[in-house]
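Trainee: Got a structure here, written out as structure tokens. Questions coming.
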Amino acid sequence: MSKSVIDLQKFTNTYEQLRSAIAGLSEEELHWKASESKWSVVEVLSHLADHSIITSFRIRKIVAELDVQIPAFDQDPWVSHSKANESSAEEVLAVYQALLTYNTLFFKRLSAEDWEKSGVNVQGKTLTISDLYHSFVDHVGVHLSQIDRIKQAYK
């Protein structure tokens, strides 16, 4: 896939999509959980900030190293042990936006060859930076749907 095929707008739009998804929600709604094992909206946002950190590390590792093993992370402990629900949505979105900007700048510097560099994930599947980019955008979409479900369950 050539660099020109990558639409960075899809990546950068995720911030506004998240902002829109939480617009008008009260603090109670942002922190409400259907059960102890379910995530609140703030926890979903925190997970996406964590996922941005992981994506940032993964893409840089693939560009810089040979024979890359793409690291996994266990999302639930990251959210629970960081006490993510004690954060504010605004704080988390500020971090998310900063990471999005940082990674967008990195993506803009990649050559067409860089986009095709790859690593192997824990399931043994080879993934390119292009794959990780598209996976990130799709992942945000999954969590936008999750936020909608949380909002509906709160009603």
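Trainee: Looking at Ala94, Ala89, which one is small (Gly, Ala, Ser), in contact with a helix residue (DSSP H, G or I) (Cβ under 6 Å, 6 or more places away or on another chain) and modelled with pLDDT of 95 or more?
Mentor: Ala89
Trainee: Given the criterion at pLDDT 95 or above, open to solvent by less than 40 Å² (accessible area, probe 1.4 Å) and touching a strand residue (DSSP E or B) at 6+ places or on another chain (Cβ under 9 Å), identify the matching residue among Gly141, Gly119.
Mentor: Testing whether each residue is at pLDDT 95 or above, open to solvent by less than 40 Å² (accessible area, probe 1.4 Å) and touching a strand residue (DSSP E or B) at 6+ places or on another chain (Cβ under 9 Å) leaves just Gly119.
Trainee: Scan segment 82-133 residue by residue and report those that are closer than 21 Å to Leu8 by Cα and of a type in the set (Val, Ile, Thr).
Mentor: Val95, Thr101, Thr104, Thr128, Ile129
The values are calculated or read from the model by the stated rules, or taken from the named source; none is laboratory data. All figures in this text were calculated on a predicted structure; none of them were measured in a lab. Backbone-built Cβ (ideal geometry, glycine too); neighbour counts: all protein chains shown. Keep in mind that these areas ignore ligands, DNA and RNA; they rest on the heavy atoms of the full protein, side chains included. Shrake-Rupley method; radii C 1.70, N 1.55, O 1.52, S 1.80 Å.
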